[in-house]
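To keep things clear, I will list the structure first and then write my remarks on it.
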Amino acid sequence: MSSEVLIVDDAATVRMYHGGILRDAGFGVLEAANGYEALEMVLTRHFDLVISDVNMPQMDGYAFVSALRRGAGPSSSTPVVMISTESAGADADQAYAAGANMYLTKPVAASELVSVVLTLTGCGSS
């Protein structure tokens, strides 16, 4: 059984890029276009990891991760990787303060993305 990953990004091309990398690596992938859509999905389905963009309309990544962490149930502890074009240290600090487990800067190399996902889902320890 493969790990399920939720990719949250308002850019369809980014979701397709990250999703393709992870599907090729054997992960199940679902996608959401914004934080509100992602919150609905985590309430009804288990994910082993969430990858979220920072800058999105309606609900940005920081607000989404904060809401996820405040929620009840198993989803509140789901590992989260935030990915953004913002490379400033303050952006990473804000991501960690919101509850992210890791912060990466776009563009993310395929090998790095797979390595991070394997590590955070526990699949990389076998």
(request) State which residue pairs qualify: first residue more than 22 Å from T121 (Cβ to Cβ) and inside region 62-88, second residue of a type in the set (D, E, K, R) and surrounded by fewer than 17 Cβ atoms within 10 Å (Cβ to Cβ) in any location, beta carbons under 6 Å apart, and separation of 6 or more residues or different chains. (result) T85/K106
(request) Quick one: which residue in R23, R45 is closer than 14 Å to V5 by Cβ, exposed (fewer than 15 other Cβ atoms within 10 Å of the Cβ) and either touching a strand residue (DSSP E or B) at 6+ places or on another chain (Cβ under 6 Å) or of a type in the set (V, I, T) (or both)? (result) R23
(request) Only residues in region 27-56 that are more than 18 Å from A98 (Cβ to Cβ) count as the first member; pair them with residues that are part of a strand (DSSP E or B) and of a type in the set (D, E), Cβ under 8 angstrom, at least 6 apart or cross-chain, and list the lot. (result) F27/E4; G28/E4; V29/E4; L30/E4; R45/E4; H46/E4; D48/E4
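Read the figures in this text as sums done on the coordinates, not as results from a lab. Predicted, not measured: the structure shown is a model, and the values here were computed from it. All Cβ positions, even for glycine, are placed from backbone atoms using ideal geometry, and neighbour counts span all protein chains on display.
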